[in-house]
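The numbers here are math on the coordinates, done by the rules we state, and not lab data. Predicted model, so just to flag it, every value in this text is computed and none were measured. When we count neighbours, we look across all protein chains shown, and the Cβ atoms used for this are built from the backbone with ideal geometry, even at glycine.
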Amino acid sequence: MTARTINGLAVSKRLRGDYALKIKELEKQWGKRPGLAVILVGDDAASAVYVRNKERACESVGINSFHHALPSSITNAELLGLIVELNANPDVHGILVQLPLPPQIDVRAVLATISAEKDVDGFHLYNVGGLITGSTVFSPCTPFGVMKLLESENISVEGQNVVVVGASNIVGKPMALMLMQQEATVAVCHARTRDLAQFTILADILIVAAGVPNLILPQMVKRGAVVIDVGINRLPDGRIVGDVDFTGVVEKASFITPVPGGVGPMTVTMLLHNTIQAFERAQTLRQAPLAFSAFTTQN
């Protein structure tokens with residue numbers, strides 16, 4: 001058996017084409033386009049690349065992007081003040097603060113200050129808590145991208161044994177909650193899990209987001225499993241690899257995502273999706289504030 005490779009680049013390209021058409025329709029209807037404010041603090045090279053890619057993605061579909069490059073010496077109060085201003089700006093429908101932040105910045109305060117209705121990263125406490133009840137406004141982009149990839153291949157998670165390796169607040173935990181909403185049976189493994197293989201070998205769907213190169217070997221994967229590799233790791237020789245031994249596991253899995261070109265492109269694409277959704281919510285709220293006073297799920 002050789003697994004079918006799930007091409008995240010192709011799925012992302014198709015979705016972005018749809019988003020570009022939708023934004024043209026929204027501009028005709030409302031006379032304006034969605035806007036995303038991106039805040040970059042400091043001069044971290046990797047963060048700068050990520051921000052540039054997000055801004056290019058916005059441009060490709062017609063989203064206005066507002067770039068805010070701030071010095072690493074900025075104070076917590078100054079950064080929070082900028083976020084408050086962006087919350088009140090009607091041309092800004094989504095706010096993204098690129099992580100990591102300098103040590104003097106209170107990350108929790110930053111995420112809490114971003115308006116829940118502009119939290120297109122899905123990190124606000126309201127959106128994270130909403131994952132439990134199914135009432136979140138914006139789903140975190142990487143887990144959301146994983147769900148879209150599974151959907152693109154008509155892979156149902158209902159009733160499946162799903163193992164998530166990695167328990168981060170950004171990927172692992174929200175991933176598990178989103179899977180449970182669709183009635184999967186979910187086990188979450190992490191750095192202190194003993195004998196990881198005894199869990200992964202039982203997975204019908206294995207989602208790996210541990211940040212450890214080639215952590216998952218062929219003998220740890222059930223034949224015919226769906227394997228989603230969220231990991232992005234740079235080796236000493238400069239190569240980019242995932243958390244899964246792709247060469248070995250591709251011979252046992254039924255579906256597998258590559259690294260690069262799998263989940264990565266979908267993360268940015270879901271950011272675009274959430275920004276468009278935020279724009280639509282904002283316009284509807286302007287027209288009928290009373291009827292739209294409660295949050296609803298539109299994913």
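Numbers for the structure displayed
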item	result
Gyration tensor verdict on the chain (Cα atoms; rounded if a/c is under 1.5, prolate if a/b is larger than b/c, oblate otherwise)	prolate
Ranked by how many other beta carbons lie within 10 Å on average, peptides 169-178, 39-48 from highest	169-178, 39-48
GNM flexibility winner over the chain from ILE207, ILE132, ILE83 (Cα, springs under 10 Å)	ILE132
Helix-only mean residue ellipticity at 222 nm for the chain, each DSSP H run of n ≥ 4 adding -39500 (n - 2.57), per residue, nearest 500	-13000 deg cm²/dmol
Within the chain, percent of DSSP bridges classed antiparallel, to nearest 5	5
Shape of the stretch 31-123, Cα gyration tensor, a/c cut at 1.5	oblate
Peptide ranges 277-286, 263-272, 112-121, 232-241 listed from the most packed, as the mean C-beta count within 10 angstrom indicates	263-272, 112-121, 277-286, 232-241
Residue with peak Gaussian network fluctuation, the chain [Cα springs, cutoff 10 Å], from LYS54, LYS222, LYS22	LYS22
The stretch 12-23 - phi-based ³J(HN,Hα) in whole Hz, Karplus 6.51/-1.76/1.60, Gly and Pro as x	4, 4, 5, 5, 5, x, 5, 5, 4, 5, 5, 5
